[in-house]
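Visitor: I have a structure here, written as structure tokens, and I will follow up with some questions on it.
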Amino acid sequence: MITRSSTLLHCSAPDEPGLPAPGGWQRQLAGAIRDPRELCRRLGLDASLIPGAEAGHSLFEVRVPEAFAARMRHADPDDPLLRQVLPLDAEQTSPEGYVTDPLQEAQHTARRGLIHKYAGRVLLITSPACAINCRYCFRRHFPYQENAPSRSQWDDTLDYLREDATLREAILSGGDPLAASDRQLAWLVERLDAIPHLKRLRLHTRLPVVIPDRVDGPLLEWLTGTRLQKVMVLHINHANEIDEAVAGACARLKQAGVTLLNQSVILKGVNDSVDALEALSERLFEAGVLPYYLHAFDPVSGAAHFDVADARANALVDELRTRLPGFLMPTLVREVPGEASKTPL
Ligand SMILES: *Cc1c(COP(=O)(O)O)cnc(C)c1O
Ligand code: SF4
């Protein structure tokens, strides 16, 4: 069989071999599944799941691009990818201690769209939107509308970075920063590039995982055009999320000089077993990505059904350490409000 990439190598197409068509990701994003009924139908799920899915959808809307849905098993409500995106009846219940802003980020927004909690690095809310809506998300209640800066407000936010010479790193976050257009991102990165004390540009994104075609020519152009060292922290929770297309996107990023890391959240019914965590680390490394953080679950309201107790998370990681080389071990951490760094459990 002739593969697509080998075909391209032998023709004289103007684009680089294997690069997705520019802008194709935007069509995929616009066409994402946004209706809980459609999600259930697409995956051949039992109709009894629909009322819970619709109720959850009214709290935090369903959003699943087809490229991600295509990696799920058909007619299996326990599929680890489906569980991350399908609203359940359980979202209606919010036990005591589950809150809307578990990280108390509202207290650290120094400027519109800017969170400065840790020494040397600031987090910029670059896009309020995500390509996928994860049910366990600790930002599911984040007031993005209040925090998404307009272009003129960006000047004020960028002044904060210009004036603080202790800053070494700008972290583009969200939502998902890669949900912004390449034009906007190129504009922003050009300004960050011009701040002499900044050394690194970091992106926290799930888009290359959810829609691998996001890593196209226009993205690689601004990414390779900056003098800043580039780090991308992907967000992958299960080995099944990494198919050939995702591995291809990772290869393009690596070729562009990006250091690739991954953060996961430990989630009941998704990856709360040593086998699942081991397979995830192995598959990540095959794709050229190193495990970085494994986040303990944050008690965000509506997501209590994903909770894994700290003692259990610690036990899983202790056993994982007996199976993997040290460089494939993520660090199990929690974000504790008021602490100067993420806190190892
Ligand atoms: C997690 C986080 C960072 C990055 O922390 P690292 O330990 O460097 O990965 C930076 N700023 C904020 C507000 C964060 O929540
Ligand atoms: S992609 Fe990240 S920020 Fe967006 S919903 Fe999922 S976990 Fe939350």
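Visitor: Within the set of other residues whose C-beta is less than 10 Å from the C-beta of residue 154, count the net charge using Lys and Arg as +1 and Asp and Glu as -1.
Guide: Combined, the nearby Lys, Arg, Asp and Glu give +1.
Visitor: Let me check I've understood the local charge: for residue 202, count other residues with C-beta under 13 angstrom from its C-beta, Lys and Arg +1, Asp and Glu -1. What total comes out?
Guide: +4
Visitor: At 0.36 nm per residue, and after removing the present C-alpha to C-alpha distance, how many nm does the segment from residue 121 to residue 165 gain when stretched out fully?
Guide: 14.8 nm
Visitor: Counting Lys and Arg as +1 and Asp and Glu as -1, what is the net charge of the other residues whose Cβ lies under 10 Å from the Cβ of residue 225?
Guide: For residues surrounding residue 225, the net value is -2.
Visitor: Related question: What is the Å³ per residue value for the convex hull set by the Cα atoms of segment 24-92?
Guide: Given the Cα convex hull of segment 24-92, per-residue volume reads 78 Å³.
Visitor: Next up: Mind putting together the pair-distance distribution for the chain? All Cα pairs, 10 Å bins, whole percent per bin, short to long.
Guide: 5, 24, 34, 27, 9, 1, 0
Visitor: Next up: When ranked by the protection proxy of mean other Cβ atoms within 10 Å per residue, highest first, what sequence do the peptides 309-321, 122-134, 207-219 form?
Guide: Result, highest mean first: 207-219, 122-134, 309-321.
Visitor: Using every Cα-Cα pair within segment 223-277, state what percent have a distance larger than 15 Å.
Guide: The calculated P(r) of segment 223-277 puts 55 percent of pairs beyond 15 Å.
Visitor: As a footprinting exposure proxy, order 329, 72 by other Cβ within 10 Å, with the fewest listed first.
Guide: Least to most surrounded, the residues fall as 329, 72.
Visitor: Ok, one more. If I model a spin label at residue 108 and residue 243 as a point 7 Å from the Cα along the Cα→Cβ vector, what separation in nanometres do I get?
Guide: Spacing of the two 7 Å Cα→Cβ label points: 3.6 nm.
Visitor: How much of the DSSP beta bridge set in the chain is antiparallel, as a percent to the nearest 5?
Guide: 20 percent
Rule-based calculations on the coordinates, nothing more; no lab input. Since this is a predicted model, take the numbers as computed values, not measurements. Cβ coordinates were reconstructed from backbone atoms using ideal geometry, including for glycine residues, and neighbour counts include every protein chain displayed.
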